[in-house]
Amino acid sequence: MPEKKLNTVLAGIANVGKSVIFNHLTGLHQHIGNWPGKTIEKAEGTLHYKGYTIDVLDLPGIYSLGTYSIEEEISREYITKEKVDFIINIVDSTRLETNLLFTLQLLALQKPVVLALNMMDLSRKKGLSIDCQRLQELLGIPVVPMIATEGKGITEVLDEGIELVKTQKPVLKVQKELTAKERADLSHQICREVIKVTKPKKISWSEKFDNLTCHKIWGYPVMAVILSAMVLTIFRFGGWFSSFLEDITSGWQEGWKTIFGISIWASLGWSAIESAIALIQIALPYIIPFYLLLFLLEDWGYLARVAFLLDNLMHRIGVHGKACIPLMLGFGCNVPACLSCRIMETQRERFITGFLTTLVPCSAVTVIIMGLVGKFVGISWAFGLYLFAILIIFGLGKLASKTLPGEATELIMEMPDYKQPNLKTIVLQTWFRLKDFLYIAGPLVIISGVIIEGIHLAGWLPAIANFLSPITVKWLGLPTITGILLIFGILRKELILVMLATLLGTANFAQVLNPVQMITLALISMLYIPCIATLAALWREFGWKKTLGITGFEIGFAILIGGIAFRILARLF
Amino acid sequence: MTNEISLIKLREGEVAEIISVIGGRMATKRLADLGLILGTKIKVLRKAPLRGPVEIEVRGSRLVLGRGLASKILVHPVK
C-alpha cells in the first residue's frame with residue numbers, strides 16, 4: 001500500500017530564498033508556532049500534490065548542524081529523529097561554494113536529499129554557468145535548477161523527492177562526517193568543475209548602490225533617511241488608521257448600552273469588546289505597516305547594511321548593528337519593536353534587545369510626556385525625559401550584557417546582494433505574523449480588560465489605591481488616585497492620562513498635580529511595566545518566565561527611580 | 001618567516017591567505033563552517049568606519065565580520 005503522506009523539510013543557509021519557496025509550497029496552509037519548550041519559531045505547512053499530502057517544515061536558516069546555536073541543535077535533532085521522507089536543500093546558485101559546505105553536512109545525516117539550485121536568474125546575470133548534470137553526478141543527489149520568485153522548478157523538486165521516496169534509492173555518495181577542512185576542499189573542487197564564468201565581471205547596479213549605502217561617510221545620512229522614512233511612515237499610517245478605527249467604533253458603546261443596558265454583566269461584556277477593539281486599534285495600525293516595511297527592507301537586502309554600519313555602536317550596549325531597528329520602532333509602539341527582535345541571531349541578543357525595547361517611550365508614553373509635562377511644566381523638561389530614557393537604555397543595556405550568561409557574540413553575517421523584493425512573500429509573512437500575535441495578545445488583553453472593569457464595578461479601586469499609597473504617596477509623592485491610574489495604565493499607557501481627566505472631570509491637570517508630581521508620574525509611566533499588548537509580545541518571544549522577570553525588574557526599577565527623582569526634583573522646584 | 005598580520009590591518013582591496021584564528025572554540029568553529037580555515041584566500045572589500053566590521057569576499061560569498069572577531073584572524077598578504 002503506497003504511503004500517501006510525506007514529510008519534508010526545507011534546509012539551507014540564510015538568504016537563499018527559503019521563505020519564498022515555503023510560501024509557494026504551502027500558501028495559506030501554513031502555521032507559525034514555536035518549537036515545543038523553546039521560543040524558536042517553527043513554520044509548518046501542508047500541500048497536496050499528485051495524490052500525496054506533503055507536510056513541509058521550514059527549518060531556520062543555519063550554517064551548520066553542530067551545536068553552535070539552538071536552531072542548529074533543533075534542526076539536527078529533527079532531521080535525525082523524526083520521520084523525514086526527504087530533505088529539500090535550498091542552495092543559492094550565486095554562492096555555490098559557501099552553500100555546498102552546508103550541503104555536505106546535510107548529506108552526512110544519510111537521508112534522501114534533493115538539491116534545489118535557486119536564483120538561477122541571478123547567477124546567470126552574474127555570468128555564472130553551472131553544470132547541473134555534473135553537480136548531480138558529483139554529489140549523488142538530484143539537482144533541480146530553480147527560480148523560486150517565478151515559481152520555476154518547484155514542482156520538479158517535489159517530483160524528484162517523491163521519486164527518491166518511491167525508489168528508496170540508497171544515498172550513493174555517502175558522505176561520512178567530514179572535517180571542516182575536508183568540506184572546504186571538496187566544495188572548492190566541485191565548484192571548480194561545475195562553475196564556468198562566461199561573462200567578464202561588470203559592476204552591477206547592486207554594487208554601485210552598495211558603494212553609496214555602505215559608504216564611510218555617505219552611508220550614514222542615507223541610512224538616517226531610509227530609517228526615518230520607515231519610522232515616519234509607520235507613525236503616520238498608524239496614527240491615521242488608528243483615528244479611522246476610532247471613528248468607526250465611536251458609537252458602539254452607546255449602541256451596546258441601548259441594547260444590553262448597564263447591568264454588571266452588560267458592563268463586563270462591553271469591557272471585553274472594548275479591550276478587543278483597543279487591541280485592534282493598537283496592533284493593526286502600527287504592526288501592519290511595520291511588518292510590511294521590515295520584510296521589505298530585509299528582502300531587499302538593506303537590513304544587512306544597517307547592521308554593518310551600526311554594529312560597533314550597538315556593541316556598547318551589548319548587542320549588534322541590527323538592534324537599532326527594534327529600538328527605533330519602539331518609539332511608535334513597543335509591540336512590533338519587541339516582535340522584531342527575532343532579527344537578532346542569538347537568543348541572548350534577542351532577549352537583551354527585547355528587554356531594551358520595552359524601555360523605549362512609545363507613542364502612548366509620548367501622549368503622557370507631551371500632554372502632561374510638555375504642556376504644564378515645559379518643553380525642555382519633556383525632552384529631558386526622552387534623553388533620560390535613552391541614557392537608561394544604554395545603561396541597562398550595558399548592565400544586561402555584563403550580567404547575563406553567555407558571551408557577547410561577534411557579528412558574522414553574509415552580505416546579500418540587493419535584489420527585487422518579492423511582494424507576495426512580504427504580504428504572506430506579514431499576515432502570518434499578525435495572526436500569530438493576535439492569538440496570544442487577544443485573550444490576554446480581553447481578560448485583563450474584564451478583570452479591571454470587574455474590580456472597578458466591585459468598588460475595589462479606592463481600596464487598591466489606598467493599599468498602594470505607601471508607595472505612591474509616601475515614596476513617590478503622588479496623590480492617592482495614582483494607584484488607580486497605574487493599574488489602568490497596564491491596559492494602555494495613555495489611559496493614565498485619560499483616566500486622570502475622567503476621574504477629575506477636567507483636563508487641567510495643574511489643579512491636581514504640581515510640576516514635580518507631573519514629571520515623576522511621566523517617568524513612572526515610561527518605565528514601570530510594559531502595557532499588556534507588549535507583555536503578550538514578550539511572552540510570545542521569550543516565554544512567561546523571562547516576561548515575569550522583566551516585569552518584576554521594571555516595576556522595582558521604576559519605583560526606585562521615581563522615588564529618587566521625586567526627592568531630587570522637590571529640591572529644584 | 002611568514003608575514004603574519006591581523007585581518008583588520010589589511011586595506012580595502014587587499015588579498016590574503018588565512019594563517020590561523022586566535023580565539024575561542026566557538027568562533028573558530030563558526031568561521032570554519034563558513035569556510036574560513038587555514039589556507040583560505042580572502043579579499044577585503046570594505047571596512048566600516050569607527051572601528052566597525054569588515055566585509056570580505058571568500059569562496060564567492062561576501063561575509064561581514066565584527067571587528068573583534070576579524071582582529072583574531074591572522075593572515076598573510078598575497079599579491
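Values in this text are rule-based calculations from the coordinates and carry no lab data. These numbers come from a predicted model, not from an experiment. Positions of Cβ are generated from backbone atoms using ideal geometry, with glycine treated the same way; all protein chains shown enter the neighbour counts.
Taken as entire DSSP H runs, the helices of chain A that both span 24 Å or more between Cα atoms along their own long axis and average -1.0 or more on the Kyte-Doolittle scale are A:219-249, A:264-300, A:379-403, A:423-457, A:532-572. Taking one quarter of the surface of the convex hull spanned by the alpha-carbon atoms of the range A:1-113 gives a direction-averaged projected area of 7.6 nm².
Note on the range A:1-51 and the range A:411-444: Cα centroid distance 15 Å, given to the nearest whole angstrom. Extending 7 Å from Cα along the Cβ direction at residue A:53 and again at residue A:136 yields two label points whose distance is 3.2 nm. Specify whether the C-alpha gyration tensor of the range A:5-197 places it in the rounded, prolate or oblate class, a ≥ b ≥ c being the square roots of the eigenvalues: rounded for a/c under 1.5, otherwise prolate if a/b is larger than b/c and oblate if not. Rounded is the answer for the range A:5-197, as its axis ratio a/c remains below 1.5.
Give me the base-10 log of I(q)/I(0) for the range A:223-270 at each q in 0.19, 0.24 Å⁻¹, Debye formula, one uniform scatterer per Cα, rounded to two decimals. Log10 I(q)/I(0), no solvent term: -0.68, -0.82.
Just report the Cα centroid separation between the range B:1-73 and the range A:472-523, whole Å. Distance between centres, Cα-based: 55 Å. Structure remark: mean-square fluctuation, Gaussian network model of chain B, C-alpha springs under 10 Å; the largest value among B:69, B:38, B:50 belongs to B:50.
Put in order of Cβ neighbour count within 10 Å, fewest first, the listed residues A:331, A:22 become A:331, A:22. For the protein assembly as shown, a simple Cβ point-charge model (Lys and Arg +1, Asp and Glu -1, everything else neutral) yields a dipole of about 1420 debye relative to the Cα centre. Within the same chain, lysines fewer than 8 places from residue B:72 are excluded, and of the rest, those with a Cα less than 18 Å from its Cα are B:9, B:29, B:41, B:43, B:47. Computed over chain B, the quotient of the alpha carbon radius of gyration and 2.2 N^0.38 Å is 0.97.
Between residue A:198 and residue A:110, full extension at 0.36 nm per residue minus the direct alpha carbon distance yields a gain of 28.2 nm. Beta bridges per DSSP, both residues in the range A:5-197: antiparallel share near 45 percent.
Each of A:29, A:24, A:215, A:320 was scored by other Cβ atoms within 10 Å of its Cβ. Arranged with the fewest first, they read A:29, A:215, A:24, A:320. What Kirkwood radius, in Å to one decimal, follows from the Cα pairs of the range A:452-572? So the Kirkwood estimate lands at 15.0 Å. Given the C-alpha centroids of the range A:325-379 and the range A:205-279, what is the distance between them in whole angstrom? The two parts, judged by their Cα centres, are 14 Å apart. As a proxy for reagent exposure, ranking A:13, A:452, A:234 by other Cβ atoms within 10 Å from fewest up yields A:452, A:13, A:234. Its DSSP H runs of at least 4 residues, each contributing -39,500 (n - 2.57), put the calculated 222 nm mean residue ellipticity of chain A at -20000 deg cm²/dmol, to the nearest 500. Label positions at residue A:424 and residue B:50, each projected 7 Å from the Cα along the C-beta direction, are separated by 4.1 nm. The alpha carbons of the range A:113-246 stretch over 62, 43, 31 Å along the principal axes, in descending order.
Segment residue A:571..residue A:5, full-extension length gain: 196.3 nm, with 0.36 nm per residue of separation and the alpha-carbon distance subtracted. Taking residue A:111 as the anchor, which lysines have their alpha carbon closer than 16 Å to its alpha carbon, excluding any fewer than eight residues away along the same chain? The qualifying lysines are A:81, A:83, A:166, A:169, A:173, A:176. Under a model in which nothing but the beta-carbon of Lys, Arg (+1) and Asp, Glu (-1) is charged, the range A:5-197 shows a dipole of about 260 debye around its Cα centre.
Per-residue shielding of B:47-59, expressed as the average number of other chain Cβ atoms within 10 Å of the residue Cβ, stands at 6. Rounded, prolate or oblate, given the Cα gyration tensor of the range A:11-50, with a/c below 1.5 counting as rounded? Oblate.
Looking at chain A alone, DSSP beta bridges between its own residues are antiparallel in about 45 percent of cases.
Using a simple spin-label model with pseudo-atoms 7 Å out from Cα toward Cβ, residue A:403 and residue A:383 lie 3.3 nm apart.
Ranking A:53, A:275, A:164 by how far each Cα lies toward the positive end of the dipole of chain A (charges on Cβ) leaves A:275 at the top.
Per the Kirkwood formula applied to alpha carbons, chain A shows a radius of gyration over Rh ratio, Rg over Rh, of 1.03.
Magnitude of the charge dipole for the range A:452-572, about its Cα centre and with charges confined to Cβ atoms of Lys, Arg (+1) and Asp, Glu (-1), is about 260 debye.
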